[in-house]
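Have a look at the structure below, then the notes.
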Amino acid sequence: MDTDTDTGTDAGTDTGAGERAAARRMWHLLEPVHAVVYYAPEAYEEAAALGYGTAERWPAYFAWRAAPLGAAGAEETTAAFHSFSPDMVARYVPESWRIAAPDAVLAARTRAVTRTYAALLGPGADTPGVAEAATLARRVAGAAVPAGPLSAANAALPWPGEPAAALWQAATVIREHRGDGHLRALREADLDPVESLVSFAAIGAAPPEVFASRGWTPTAWEAARSRLAARGLVDAAGAATGPGRELRAQVERRTDELAAEPWRVLSDDEREHLAKTLEPFWVAAIGSGLLPGVNTLGIGKV
């Protein structure tokens, strides 16, 4: 989303608009670099070697993403992930840790990352540009004051020696920092987890059926829609009203504002250099066909 049009402010008088737009642009570049691992064949192979089922992606997904938290229970994981139904989380956590300990999952995750990037980039995964990108991204990650459990837990992990794996870890810290800030923005907007999804679908971020992957029942979805309608945020058809769109615009603005803080550690030239060095990763991730064309994050839609 273009941040200036998103916020309803005049970019000429909004001194923070440039920083927010830059943070959003870098998120768009880094998110595929991070997310492709959840879909990569190499990651499925590593998950299967640990004993996780691979007929669907969720057993490995919950293990990969929650492992930095340690052997977290379902309640803690639900709170950290926010958008997933508690019933869905409980199907996979804490069963994840009965299959493999978090430390074993983290080691396998690093192997999965290294193998995935090698498969996507070939010799390009081991070039000076990768090391440069890892160094710059790691500076940003180091400046990201933990905003919640996932950013804090990933920031506390040891750094891999392999540049590509270090880049992925930095991208993960940065995106989880953004995600934790997004949860803060949603709480400030008084949107609970399922209302967050319903209101996002209502502005066209993705069709409601895409959000079914988060495990909420139709009954829970409709109840949330009714609560939003009572607040005047959606109409009878479930589409966002003017106030509903404005509230979501405020959420996105606040998310970008919080996400911009660690990016101040880089100069404009350094940020542009990082963007340039990330391009091969971004192109490879998007071009792999592994990532879904429509996603619950609304990238490319809002």
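The values are calculated or read from the model by the stated rules, or taken from the named source; none is laboratory data. As the structure is a computational prediction, the values presented were derived from the model and not from experiment. Quick reminder, even Gly has a Cβ in these numbers, built from the backbone with ideal geometry, and neighbours come from all protein chains shown. For the accessible areas, the whole protein counts, side chains as well, though only heavy atoms, and no ligand, DNA or RNA atoms are used. Shrake-Rupley method; radii C 1.70, N 1.55, O 1.52, S 1.80 Å.
Once R0 is set to 30 Å, what does the formula 1/(1 + (r/R0)^6) return for the Cβ-Cβ distance between Glu270 and Gln250, expressed as a FRET efficiency to the nearest 0.05?
On the way: r = 30 Å, r/R0 = 1.00.
Plugging the Cβ-Cβ distance into 1/(1 + (r/R0)^6) gives 0.50.
On average, how much accessible surface per residue is there in the chain, in Å², for a 1.4 Å probe, leaving out ligands, DNA and RNA?
For the chain, the per-residue accessible area is 42 Å².
If I take all pairs of Cα atoms in the stretch 116-243, what percentage of them are more than 21 Å from each other?
Value for the stretch 116-243: 56 percent of Cα pairs lie more than 21 Å apart.
Which of Pro208, Gly16, Val33 sits closest to the plus end of the dipole of the chain, meaning its Cα is farthest towards the positive end, when Lys and Arg get +1 and Asp and Glu get -1 on the C-beta?
Of the options given, the answer is Pro208.
Apply 1/(1 + (r/R0)^6) to the Cβ-Cβ distance of Ile286 and Ala230, taking R0 = 30 Å, and write down the FRET efficiency to the nearest 0.05.
Using R0 = 30 Å, I get an efficiency of 0.15.
Taking the simple approach of a point 7 Å from Cα along Cα-to-Cβ for both Glu209 and Thr54, what is their distance in nm?
Placing both labels 7 Å beyond Cα along the Cβ direction yields 2.8 nm.
Separation between the Arg139 and Thr241 pseudo-spin-labels, each 7 Å from Cα along Cα→Cβ, expressed in nm?
Once both label points are built, they end up 4.8 nm from each other.
Let's see if you can work this out: charge +1 on each Lys and Arg Cβ, -1 on each Asp and Glu Cβ, no other charges. What is the dipole magnitude of the chain about its Cα centre, in debye to the nearest 20?
For the chain, the charge dipole is close to 380 debye.
In nm, to one decimal, how far is the modelled label at Arg25 from the one at Leu157, with both set 7 Å along Cα→Cβ?
Here the modelled spin labels are 2.8 nm apart.
Hey, any idea what % of the chain's accessible area is carbon plus sulfur with a 1.4 Å probe?
After summing per-atom areas, the C and S share lands at 56 percent.
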